[in-house]
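Student: Please read through the structure below; I'll follow up with questions.
What follows draws every value from the coordinates through simple rules; no lab data is involved. Owing to the predicted nature of the structure, the values given are computational and were not obtained by experimental measurement. Neighbour counts are summed over all protein chains in view; Cβ atoms, including those assigned to glycine, are modelled from backbone coordinates with ideal geometry.
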Amino acid sequence: MLRSFKLLLATAFAVLLALPASAQRGQKDWVLLGEQTVGFRVDRDVINVGNGGARFSELRIVAERNDVHLMALRLVYQNGFAEDVRVDKLLRPGTDALPVDLRGERSFLRQIELTYRARPSFEGRAIVKVYGELRGGGGKPFDVIESQRVDRDDRVVTFDVGRREGRFAALRFRADDGSVRIKSVRIVFGNGENQIVTVEDRLEQGDQTRVIDLAGERRFIRRVDVEAHAGRDSRGGARLTLLGQQGDGRPDDRGPPPERGRDEWVTLGTQKAAMLEADNDTFKVGREAGTFRAIRAYVEKQEVRFYGMTIRYGNGETEDVPLNGVIRPGEYSQAFDLRGRDRFIESISFRYRSKLSFKGSGRVEIQGLKHGPYRDLDGDRGRDRDRGRDRR
């Protein structure tokens, strides 16, 4: 009898250890940092944590579906320092996660590199998930803004936030009543600017995404568009909950008032987007226009889908800018800082397509944040300056 009781107790303890970090967290704040599918050969993958300043006290690495031989970890910190950790341990599904303590400067992570391989099996390819425990005392808590139902089909879920909710410094998402796969997030601020974030996370019930720090911080949010669907195990769908961390101080929607003759958005060129197929356009800028610190796009009349942008600098160097996704009329893309700041731009090329509509094509305006004496590129200084200020 005693032996049976001990066996039952050991089994229950093993089941507890097999639970995902979200189910074990208790009062701890575990965040899913990322997951990867592991090949049967030696594989090396990277999980980007970000550079938002979040601190973690511990990592937990969990295997699912199949055994994973974790050979090594490489932890890259916010200050650029990297640390190699030799692990050489077999992670079995349903057993205890591998803990990694993070202390002091090690708590500021930028990315995690994993070297591993899975055991060939009829169970299929293994999945490795990495969770981080947020270090306590890291600012204000995250409050629920709104929840939306998601089904098993890909679609865009919209959270209408509005100024009534105040201004925010950061966002994150939580899966409720089932699992949710999030692909991308588009945040539309009160002034029409967009911030697009690629998430690519699969959240089990109760899991939360990593923190999404808002560009500029302390911003009023108009709405949040999320490309997501419920997991296969969620037959009746699931709920996706938007959480927000309130910001303090002055809202940053408009930024500090510009000094005369400094830091003004100017129009570099305008063009109508084709409706039937994606089109390529190039705007010539040239050294006579001066130097620029950042680039953004503004859309009028009809929504436009962008497929990327390439900037060619005056010295011949090029930079690919991740201008992707749909921007609606009256809204801006996020502002992209130029590599090296204050650069002469030779030309800007981008690929886009307008939504098919009887209202006509969308109109795209590419703007540059000019540093130095203001120069009107279209020959109408007053019109561009006033229009740029109004839109900001």
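Student: I need the calculated FRET efficiency for the pair E300 and M71, taking r as the beta carbon distance and R₀ as 41 Å, to the nearest 0.05.
Tutor: My answer for the efficiency is 0.15.
Student: Give me the number: length gained by fully extending R235 to K89, i.e. 0.36 nm times residue separation minus the C-alpha to C-alpha distance, one decimal in nm.
Tutor: Taking R235 through K89 to full extension adds about 49.0 nm, to one decimal.
Student: Let me ask something else about it. Local charge sum around N48 (other residues, Cβ-Cβ under 11 Å, Lys/Arg +1, Asp/Glu -1)?
Tutor: Spelling it out: positives minus negatives among the neighbours equals -1.
Student: Length gain on complete extension for the stretch N48 to K355, per 0.36 nm per residue less the alpha carbon to alpha carbon distance?
Tutor: Contour length minus Cα-Cα distance gives 107.2 nm.
Student: Using the basic label-point model (7 angstrom from Cα toward the beta carbon), what is the N315 to T158 distance in nanometres?
Tutor: For N315 paired with T158, the spin-label model returns 4.5 nm.
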